[in-house]
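The values are calculated or read from the model by the stated rules, or taken from the named source; none is laboratory data. What you see is a predicted model, and the numbers here were worked out from it, not measured in a lab. Heads up, the Cβs are rebuilt from the backbone with ideal geometry, glycines too, and the neighbour counts pull from every protein chain shown.
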Amino acid sequence: MSDKSRGWRFPRAVLNRFLHCAARYVPMMPSCRARLHRWRGVRVGRNVFIGSEVFIDDAEPDLVVIEDEATLIARSAVLAHAYYPSHLQKYFVESGNRCGVTIKRGAYIGFGAVILPGVTVGEEAVVAAGALVTRDVPPRSVVMGIPGRVVRMLDETPSDKADSTEAPKGPAQ
């Protein structure tokens with residue numbers, strides 16, 4: 001049990017769970033969802049879009065930073081800390097660490113993506129739908145897959161990439 005769930009902090013923990021459930025499931029404008037997460041302790045910037053059913057760490061919301069103009073699409077998840085039962089803690093050096101997650105300015109987190117503890121998603125980076133992000137995402141990159149891997153940098157245009165890697169296509173003679 002977290003220190004935040006003990007003693008006088010228990011009412012705050014219950015309130016945070018209630019706010020989290022409201023932000024996830026009650027139909028409302030995304031700006032209202034951002035406000036509810038701010039009340040929980042998540043550091044949310046301006047013009048942030050948070051879709052329905054987005055899970056942002058329940059136990060340690062204060063470890064999550066979402067900068068201005070970031071987008072989290074429906075059913076994505078942000079986990080900011082790791083907890084292992086006492087019988088497994090000896091196997092994991094990072095057990096009990098408060099890692100946190102930072103989603104930088106303009107980043108886009110796709111449907112069903114999962115961001116694990118200790119990750120920073122770079123500025124204007126795109127995390128594709130369903131990706132499992134286990135390490136930092138470079139700025140202006142596209143990450144997809146399980147585990148998430150960089151598949152493209154946004155500084156290069158699709159036509160530049162196609163021109164440099166493929167032979168010209170034309171009618172066969």
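Just give me the residues in region 64-82 being surrounded by 17 or more Cβ atoms within 10 Å (Cβ to Cβ), over 12 Å from the mean Cα position of the chain (by Cα) and not acidic (Asp, Glu), in sequence order.
Result: His81, single match.
Would you call Glu53 closer than 16 Å to Val114 by Cα and among the acidic types (Asp, Glu)?
yes
What about Glu53, is it within 25 Å of Val142 (Cα to Cα) and either hydroxyl-bearing (Ser, Thr, Tyr) or out of contact with any strand residue (DSSP E or B) (no Cβ under 7 Å at 6 or more places or on another chain) (or both)?
Yes; evaluated as a whole, the condition is true for this residue.
Each row is one residue, and each column tells you yes or no for (1) within 24 Å of Asn16 (Cα to Cα); (2) not charged (D, E, K, R).
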{"site": "Ile50", "(1), (2)": "yes, yes"}
{"site": "Asp62", "(1), (2)": "yes, no"}
{"site": "Ile66", "(1), (2)": "yes, yes"}
{"site": "Ala70", "(1), (2)": "yes, yes"}
{"site": "Lys90", "(1), (2)": "no, no"}
{"site": "Thr102", "(1), (2)": "yes, yes"}
{"site": "Gly110", "(1), (2)": "no, yes"}
{"site": "Arg135", "(1), (2)": "no, no"}
{"site": "Arg140", "(1), (2)": "no, no"}
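Run down Ala74, Ala80 and say which single residue is in a loop (DSSP other than H, G, I, E, B), touching a Ser or Thr at 6+ places or on another chain (Cβ under 6 Å), modelled with pLDDT under 95 and under 28 Å from Glu53 (Cβ atoms).
Exactly one residue qualifies, and that residue is Ala74.
Please state which one of Val14, Val42, Val48 is of a type in the set (A, V, I, L, M), exposed (fewer than 13 other Cβ atoms within 10 Å of the Cβ) and either farther than 19 Å from Ala131 by Cα or out of contact with any strand residue (DSSP E or B) (no Cβ under 6 Å at 6 or more places or on another chain) (or both).
Criteria check complete, one pass: Val14.
Please go through region 120-133 and pick out each residue that is within 9 Å of the chain's Cα centre (by Cα) and either at pLDDT below 95 or farther than 16 Å from Val54 by Cβ (or both).
Within region 120-133, just Thr120 meets the criteria.
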